[in-house]
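> Take a look at the following structure, please.
The values are calculated or read from the model by the stated rules, or taken from the named source; none is laboratory data. Source: prediction; values computed, not measured. In this analysis, Cβ positions are derived from the backbone assuming ideal geometry, glycine residues included, and neighbour counts consider all displayed protein chains. Keep in mind that these areas ignore ligands, DNA and RNA; they rest on the heavy atoms of the full protein, side chains included. Shrake-Rupley method; radii C 1.70, N 1.55, O 1.52, S 1.80 Å.
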Amino acid sequence: MYILPLGQTIQTETQSFGGKADALTRLIRDGHPVPGGYAIASQAFRDGKILEDARDELKGCIASLSDQKTYAVRSSAVGEDGETTSFAGMYETVLDVKKEALYEAIHRVAASAKSERLLVYAEQQNIASGSVGVIIQEYIPADYAGVLFTSDVLSGSAARMIGNYVRGMGEKLVSGEANAESFTIHTLKYRYEGESEFDPHAKKLCRRAVRIKRLFGQPMDIEWLVTKGKLYILQARPITTLQGRDEDCYRINDTLSGEYLFSKTNVGEIFMRPLSPMTHGILSEIFEMLGIPIIANVYGQAYFNVSGMCSLLVAFGFSRKKAYTMISDIAGTLPENAEIPIYPYEKRILIKKLWTLLFAPKKKADFGVRKKDFPQNISVIADGLIDQVREIEEKEALYNFWKKTCDAFMTKVLSTILSSLSLKSLFQTREKLTKRVGETLANELCSNCSLNGTIESLKPLLLLENVINGTLEKEEYRRLYGHRHANEMELACPYPYEDPAFPDALLEEYLQSDVRAGELKRTQEEKYRAAIAEFKRRYPSKAKWLDKNLSDFAKANLSREDVRSQSVKLFCLMREFLLKSAKLLNLGDDIFLLHFKEVMQALKGDISVFEKIPKRKENYLKALEMPPFPNVIVGRFEPEKWVLEEHRRSDYYRFGEASVIDTNCTVKGYAGASGRVEGIARVLTDISESDCIQAGDILVTTATNIGWVKVFPKLSAIVTDIGAPLSHAAIVARELGIPAVVGCGNATTVIRTGDHIRVDGTTGFVSFVKNE
């Protein structure tokens, strides 16, 4: 069939109804008020004329229409109303057409595919003009008609909807034939700004626009009309200037999708190299499933979406200031006067997704342990599943094993992790202690978790001593910690356990350092006990209060670190599955240029997704060559322009502001771990450069993670650009008693290797020492 009612069109390889018809079908199925009508497939036309095969079908369609109504005839071309090109106003539109004049109107619209203006537009966009389909809709005379953008097209802010309208039909607005009235709708707390005549209709348009944006999952450009108080949606297309993701070629820049504040704190410590397309796809799926907007991607470099998290908290009733305070221990310090853009967040979506993950019936799979014992056995179960994956030698069997067993395991682990997190104690303990005893003593009181256990990220270092003294076998150490390394959540990077020589080289390096982490740990524990004693001396009536708060804080930290270690095991399982898939599909490392769903598709026999690999590889390799982007980004950021700036800043970038380095500025960050020390700075950009570290050096780097722990015992202090009190460098430094200042933003810009500096981990200041 060449003609289908709107709402029933389906795009296939042999039949295309075009972008506009596709969007209208989605709107109708979602319950939006769209004028009724029909869509004619592009295959019904050749050179702007209706084919003989389609003529009888069109005749029957027109005959079924009412003589009492008139109709609008519009184009619906392949690529029209797409994410990157809209073709707005390029094709012909014919309005208020009587039934007997429909043949001529349809021919006129179809013939506009060869118009000069369209060909020029296609050439400017460097695309081919696609074949054109046609839409016939009931014509509804308008009292008001216009366009509404669900985000501010200039700033990208989702807190403002920007609209225009004319009296009468909206084609006058789109074509520029009439001057329009402008209006703004503020969406965080509804407020209309514009002509009073449209005020009665603005709120229902806003509500409808929110639903449409949710349906399409991106900022939208909506055409609408109002007649006799009733609202109709004429079409909806993505705002082409607010498109930050081209997944097919792995061109990702989330700063172009809206107005946000992104920070590398914590997230930048986990992902210290650009994300591969596979890892990016996995993270996107996980956080889409959770309904939490945590991680953003800018040319592969991962950022913490501070705007997203604060918007979520604001949606639950917290003020903007309180929202940031609640996450500041994770999000880090923001530059002075840096305002966090907030946008509307539908909390019911989060509640629904979390309820589904936590309480909805799960796929049943027997993992050989009781429900209450599952959290403690995640690593053991993952190792068992990895062994089974390695034994599979057929594509279909591998596909089925993942769908039936591994998928259920992944979902159960995510549910377990979410239900076990204790975020309240993690975020609020330091704040409560600081208010009572000041920052210095509060930092010392929050410096140790040893009374409740040892944090996971420190165990790979401390237990090397057990291997050396023979109380822990090498093979057991490999099983327990062979999955922990600097790029442990990047699926394209091998794990240490994959190297047969692991952990011999690590043991040799540790022995040569002549510094024992256990001794540092015991010394720090003595300082920790002294801090507790000091608090109880000052506030004897609060002794039990302190014990409970410190116990809860330690448990929350231990839980957070354990969750991290357990999560890495999930990535180990995925990597092993992908390595086996690569072998069966003969892809090698190119497997990491696909998305997980595409690998599953290929295992089922559809290898058309392989066509995406060359372009993705090209852009991924470009991303790997890019320098680290600024630690904090606000608004639109264009990496190609930024790298050409002679005096670009690496700490902060705000759209529209000059990026100028002040090399005389103060180096100030969070008081990560207490203590004061002077020494020689060693500025490093990557753990691979750590061989040059000398005993007593002060490490100055962008960020650290578990891959850096092996060098910590050599250091007299640590200074990082990225970080917060709950970041990796701060936690481990506190546990080992190494003074640390984290989240400075500009340390690697201002400090040079060889500089004599003073690090005050109690106040958070780093200063230069003048040599006499």
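> I'd like the full set of residues that are out of contact with any strand residue (DSSP E or B) (no Cβ under 7 Å at 6 or more places or on another chain), under 16 Å from M309 (Cα atoms) and of a type outside the set (D, E, K, R), limited to the range 258-295.
G258, S284, I286, M289, L290, G291, I292
> Moving on. Just name the residue that is modelled with the highest pLDDT out of those in the range 386-442 that are among the small types (G, A, S) and over 25 Å from the mean Cα position of the chain (by Cα).
A397
> Please work out if G737 is in contact with a helix residue (DSSP H, G or I) (Cβ under 8 Å, 6 or more places away or on another chain) and farther than 27 Å from L511 by Cα.
no
> Sort through K322, K363 and tell me the only one that's open to solvent by 40 Å² or more (accessible area, probe 1.4 Å), at pLDDT 80 or above and more than 24 Å from I270 (Cβ to Cβ).
Result of the check over K322, K363: K322.
> Okay, moving on. Of (1) among the small types (G, A, S); (2) open to solvent by 30 Å² or more (accessible area, probe 1.4 Å); (3) touching a Leu at 6+ places or on another chain (Cβ under 6 Å), S541 satisfies all except one. Which?
Single failed check for S541: (3).
> Take G368 and decide whether it is at pLDDT 80 or above, among the small types (G, A, S), over 25 Å from A747 (Cα atoms) and out of contact with any Ser or Thr (no Cβ under 8 Å at 6 or more places or on another chain).
no
> Now for a separate question. Which residues, counting only those in the range 443-467, are modelled with pLDDT of 85 or more, open to solvent by 10 Å² or more (accessible area, probe 1.4 Å) and closer than 14 Å to R522 by Cβ?
L462, E465, listed by residue number.
> Does T255 satisfy the condition of being farther than 19 Å from S650 by Cβ and either within 15 Å of the chain's Cα centre (by Cα) or open to solvent by 30 Å² or more (accessible area, probe 1.4 Å) (or both)?
No: the conditions fail for T255.
> Name the residue, out of Y653, Y620, that is over 22 Å from T704 (Cβ atoms) and touching a residue at least 60 places away in the same chain (Cβ under 8 Å).
Answer to the selection: Y620.
> Moving on to the next point. Restricting to the range 752-762, what's the tally of residues that are open to solvent by less than 50 Å² (accessible area, probe 1.4 Å) and either assigned to a loop (DSSP other than H, G, I, E, B) or within 23 Å of Y528 (Cα to Cα) (or both)?
Summing the residues that are open to solvent by less than 50 Å² (accessible area, probe 1.4 Å) and either assigned to a loop (DSSP other than H, G, I, E, B) or within 23 Å of Y528 (Cα to Cα) (or both) in the range 752-762 gives 6.
> Is the range 237-247 home to any residue that is more than 14 Å from the chain's Cα centre (by Cα), in a helix (DSSP H, G or I) and more than 21 Å from A302 (Cα to Cα)?
Yes, some residue in the range 237-247 is more than 14 Å from the chain's Cα centre (by Cα), in a helix (DSSP H, G or I) and more than 21 Å from A302 (Cα to Cα).
> Across the range 49-64, which residue is nearest to A113 (Cα to Cα) among those that are surrounded by fewer than 16 Cβ atoms within 10 Å (Cβ to Cβ) and not acidic (D, E)?
K49
> Is it the case that the range 714-721 has a residue that's acidic (D, E), part of a loop (DSSP other than H, G, I, E, B) and crowded, with 24+ Cβ neighbours inside 10 Å?
Scanning the range 714-721, I find at least one residue that is acidic (D, E), part of a loop (DSSP other than H, G, I, E, B) and crowded, with 24+ Cβ neighbours inside 10 Å, so the answer is yes.
> Right, another one. Scan the range 274-288 for residues that are at pLDDT 95 or above and either outside any helix (DSSP H, G or I) or under 27 Å from S157 (Cβ atoms) (or both) and report the count.
4
Yes or no, residue by residue, for (1) in a strand (DSSP E or B); (2) free of Cβ contacts under 8 Å to residues at least 12 places away in the same chain; (3) farther than 30 Å from N619 by Cβ:
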site: I292; (1), (2), (3): no, no, no
site: A296; (1), (2), (3): yes, no, no
site: M309; (1), (2), (3): no, no, no
site: F318; (1), (2), (3): no, yes, yes
site: K321; (1), (2), (3): no, yes, yes
site: S328; (1), (2), (3): no, no, yes
site: T333; (1), (2), (3): no, no, yes
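> Contact list please: Cβ distance under 6 Å, first residue in the range 683-702 and modelled with pLDDT of 90 or more, second residue surrounded by fewer than 20 Cβ atoms within 10 Å (Cβ to Cβ) and part of a helix (DSSP H, G or I), pairs at least six apart or on different chains.
I693/K714; A695/K714
> Sticking with this structure for a sec: Which number in (1) in contact (Cβ under 8 Å) with a residue 60 or more places away in the chain; (2) in contact with a Phe, Trp or Tyr (Cβ under 7 Å, 6 or more places away or on another chain); (3) surrounded by fewer than 20 Cβ atoms within 10 Å (Cβ to Cβ) marks the one condition that R478 misses?
The one condition R478 does not meet is (1).
> Same structure again: Given the structure, is D547 without any contact (Cβ under 8 Å) to a residue 24 or more places away in the chain and either over 28 Å from K710 (Cβ atoms) or open to solvent by 40 Å² or more (accessible area, probe 1.4 Å) (or both)?
yes
> A follow-up question, please. Which of the residues belonging to the range 694-711 are buried (at least 24 other Cβ atoms within 10 Å of the Cβ) and more than 17 Å from E488 (Cβ to Cβ)?
Once the filter is applied, which keeps residues that are buried (at least 24 other Cβ atoms within 10 Å of the Cβ) and more than 17 Å from E488 (Cβ to Cβ), the range 694-711 yields I698, L699, V700.
> Continuing with the same structure: Output the residues belonging to the range 177-192 that are in a strand (DSSP E or B) and either at pLDDT below 90 or open to solvent by 50 Å² or more (accessible area, probe 1.4 Å) (or both).
E181, S182, R191, listed by residue number.
> Inspect the range 489-501 for any residue being modelled with pLDDT under 90 and within 24 Å of E735 (Cα to Cα) and give the result as yes or no.
Among the residues of the range 489-501, not one is modelled with pLDDT under 90 and within 24 Å of E735 (Cα to Cα), which makes the answer no.
> Restricting attention to the range 732-751, report how many residues are among the aliphatic types (A, V, I, L, M) and either open to solvent by 10 Å² or more (accessible area, probe 1.4 Å) or not in a helix (DSSP H, G or I) (or both).
6
> Just checking, which of S155, S151 is of a type in the set (G, A, S) and over 25 Å from I28 (Cα atoms)?
Answer to the check: S155.
> Check every one of the strands (runs of 3 or more DSSP E) wholly within the range 567-686 and list those with 1 or more residues that are within 26 Å of V267 (Cα to Cα) and open to solvent by 20 Å² or more (accessible area, probe 1.4 Å).
Passing ranges, in order: 652-654, 670-673, 676-684.
> Sort out which residues of the range 134-150 are open to solvent by less than 10 Å² (accessible area, probe 1.4 Å) and either more than 24 Å from R207 (Cα to Cα) or not hydrophobic (A, V, I, L, M, F, W, C) (or both), and write them in order of number.
V134, I135, I136, Q137, G146, T150
> Let me ask something else about it. Of the residues I351, I342, only one is aliphatic (A, V, I, L, M) and surrounded by fewer than 21 Cβ atoms within 10 Å (Cβ to Cβ); which?
I351
> While we're here: Looking at A556, A543, A531 in this structure, which one is in contact with a helix residue (DSSP H, G or I) (Cβ under 8 Å, 6 or more places away or on another chain), small (G, A, S), modelled with pLDDT under 85 and part of a helix (DSSP H, G or I)?
Answer to the check: A556.
> Also, I was wondering about something else. For the range 691-713, enumerate the residues that are among the aliphatic types (A, V, I, L, M) and part of a helix (DSSP H, G or I).
I706, V709, V711
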